[in-house]
Structure formats: C-alpha cells, structure tokens
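The values are calculated or read from the model by the stated rules, or taken from the named source; none is laboratory data. Values in this document were obtained by computation on a predicted structure and should not be read as measured data. Cβ coordinates were reconstructed from backbone atoms using ideal geometry, including for glycine residues, and neighbour counts include every protein chain displayed.
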Amino acid sequence: MKVDKFYLQTHTNFGKSITEWANELNVEVLTFHERDLEDIGTIDGLVIFTENQTIEKDISEIRAAFDLKQKPIQKIDINGTLVAGVSNFTFWLERNNCKNILCIGSDNLLKNTNLERLLTSLKK
C-alpha cells in the first residue's frame with residue numbers, strides 16, 4: 001500500500017482497531033479528533049468505512065468538512081463485493097495521489113466479520 005500516514009480517531013474502538021492494522025503495515029499513525037476539522041490541510045483524503053452505505057451524523061460532519069476543502073473522499077462498504085472494494089480503494093489512492101489519509105468508521109463495524117476480511121485483503 002502506498003500510504004505514508006494514517007490519521008485515525010484513536011479515541012474510538014474503530015480507530016483503535018484500524019491502528020493495529022496500520023501498525024502491521026508499518027504505516028505511521030497520527031491521532032485525529034473531530035475538533036481538529038479546521039486543520040485538515042495535511043490530510044490528502046478521507047476514507048469512510050460503512051456498512052450498507054450507512055453513515056452516522058458525526059461522520060457526515062467530517063465528510064462535509066472534506067467536501068468544503070475539495071479533498072477526495074472514498075467510501076468502502078464492508079458488506080459490498082470484496083474485490084470491488086479493494087480495487088476501488090487502490091485506484092482511488094493512485095488516482096488522487098493520497099499519501100496521508102484519514103480513515104473513519106462507526107464502532108458498530110467491529111461486530112461485522114467482513115471488516116477483518118477487507119482489512120486482510122488490503123494488506124496484500
């Protein structure tokens with residue numbers, strides 16, 4: 001994976017889980033908090049992990065901030081087709097040249113076994 005830094009909400013269970021995955025990839029992890037939305041200049045893009053395209057209100061607010069700054073956004077539905085999710089994410093990274101990305105998702109995603117399957121596929 002051609003990512004230099006992951007910005008993660010390490011105060012959430014989802015962020016903690018993604019931190020473990022990022023550490024396995026040897027990608028630097030930096031902490032992100034919603035109150036830092038004014039200072040997203042160093043972040044190249046936003047990746048939103050969803051379940052059946054459902055996005056919670058706090059995640060929608062973060063998405064709106066990235067829209068205002070005209071930063072690329074990628075949604076990955078963990079219940080979607082695995083191959084499509086992995087290839088769309090890879091193409092998105094390459095097309096937008098995103099090296100420093102914010103990854104967010106709901107803590108409810110941790111209950112879904114498809115998340116682990118997707119993260120494992122993204123390691124390759």
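Please report, ordered by residue number, the strands (runs of 3 or more DSSP E) entirely within the stretch 1-80 with at least 1 residues that are within 14 Å of Gly105 (Cβ to Cβ) and of a type outside the set (S, T, N, Q).
Those strands (runs of 3 or more DSSP E) span 5-8, 45-50, 73-77.
Specify the residue that is surrounded by the most Cβ atoms within 10 Å (Cβ to Cβ); the eligible residues are those in the stretch 36-62 that are of a type in the set (D, E, K, R) and modelled with pLDDT of 85 or more. Even if it seems obvious, please write down each step before you answer.
In the first step, residues of the stretch 36-62 are kept if they are of a type in the set (D, E, K, R); the result is 36, 38-39, 44, 51, 56-58, 61.
Then keep just the ones that are modelled with pLDDT of 85 or more; that gives 44, 51, 56-58, 61.
On the way: Asp44: 20, Glu51: 18, Glu56: 15, Lys57: 6, Asp58: 13, Glu61: 11.
Looking at residues that are of a type in the set (D, E, K, R) and modelled with pLDDT of 85 or more, I get Asp44.
Tell me, which residue of the stretch 74-124 that is among the hydroxyl-bearing types (Ser, Thr, Tyr) and more than 14 Å from the chain's Cα centre (by Cα) is surrounded by the most Cβ atoms within 10 Å (Cβ to Cβ)? Walk me through how you get there before you give the answer.
At the first step, the residues of the stretch 74-124 found to be among the hydroxyl-bearing types (Ser, Thr, Tyr) are 81, 87, 90, 106, 113, 120-121.
From what's left, more than 14 Å from the chain's Cα centre (by Cα): 81, 87, 113, 120-121.
Values: Thr81: 10, Ser87: 12, Thr113: 9, Thr120: 12, Ser121: 14.
Residue satisfying both the conditions and the ranking: Ser121.
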Exercise. Failed condition for Asn13, given (1) in contact with a Ser or Thr (Cβ under 9 Å, 6 or more places away or on another chain); (2) within 20 Å of Glu116 (Cα to Cα); (3) surrounded by fewer than 18 Cβ atoms within 10 Å (Cβ to Cβ), with all others met?
Worked result: (1)
Exercise. Based on what the data block shows, is Leu102 in a helix (DSSP H, G or I), touching a helix residue (DSSP H, G or I) at 6+ places or on another chain (Cβ under 9 Å) and closer than 21 Å to Ile55 by Cβ?
Worked result: no
Exercise. Between a first residue in the stretch 98-124 that is more than 20 Å from Arg63 (Cβ to Cβ) and a second residue that is buried (at least 16 other Cβ atoms within 10 Å of the Cβ) and of a type in the set (Ser, Thr, Tyr), which pairs have beta carbons less than 7 Å apart while being 6 or more apart in sequence or on different chains?
Worked result: Leu110/Ser17
